[in-house]
Amino acid sequence: MEWGGVIFPVWLLWLAAAAALALADLALLGGQLLLVAAGLAALIAAAAAALGAPFVGQVWLFLGGTAVFVPALIFGIPGVRRRWRAPGDLDGKRGETVTVVAQGDRLVGKLKSDRYPIQLIDGSTPEEGEELVVDRMEGITLFVERPRRGAGRR
């Protein structure tokens, strides 16, 4: 491949893509390894390029490898699935304090900078400005409780 008068081997570009994916995983996803799996597919495409495979074949190898490695990483490797978390996953936030704030005509819980629908475990209604403690999260709803008297933060 020629760029700016300089000829680059295509395998070198695939190698750069693999490195960029691995670095992006560390920087953006905190080491969840999802983009590293795509980087592994890019390494396979680089090997195919070095062996003289046509570019269309390299792209198909990359796409196929990504389609296989990412789900295999999430569902197949013991211990990795526990590290992968959806963006809304509380990841140990049980016991965190949420503040009840008004959002339009309903009350929601503000946890750090995010707002979630809330439901008190005892079925009562929260009041605006009240501070509640997170028990669990189901879907996007925080199930909360009032802090126990005399009890510090969990």
From the option list 120, 107, 111, 132, single residue qualifying as among the aliphatic types (A, V, I, L, M) and under 24 Å from the mean Cα position of the chain (by Cα) is 111
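Return the residues of the range 15-33 that are part of a helix (DSSP H, G or I) and either more than 20 Å from residue 58 (Cα to Cα) or not assigned by TED's automatic domain parsing to the domain that holds residue 71 (or both); say none if nothing qualifies. Explain how you work it out, then say what you get.
Of the range 15-33, the ones part of a helix (DSSP H, G or I) are 15-28.
Of everything in the range 15-33, those that are part of a helix (DSSP H, G or I) and either more than 20 Å from residue 58 (Cα to Cα) or not assigned by TED's automatic domain parsing to the domain that holds residue 71 (or both) turn out to be 23, 24, 25, 26, 27, 28.
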Assuming residue 82 fulfils every condition listed in (1) out of contact with any helix residue (DSSP H, G or I) (no Cβ under 8 Å at 6 or more places or on another chain); (2) at pLDDT below 80; (3) assigned to a loop (DSSP other than H, G, I, E, B) apart from one, which condition is it?
(3)
So, in the range 129-144, of the ones that are modelled with pLDDT under 90 and part of a loop (DSSP other than H, G, I, E, B), which residue ends up farthest from residue 97 (Cα to Cα)?
139
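The values are calculated or read from the model by the stated rules, or taken from the named source; none is laboratory data. Owing to the predicted nature of the structure, the values given are computational and were not obtained by experimental measurement. Every residue, glycine as well, gets a Cβ built from its backbone with ideal geometry; the counts of neighbours run over all protein chains shown.
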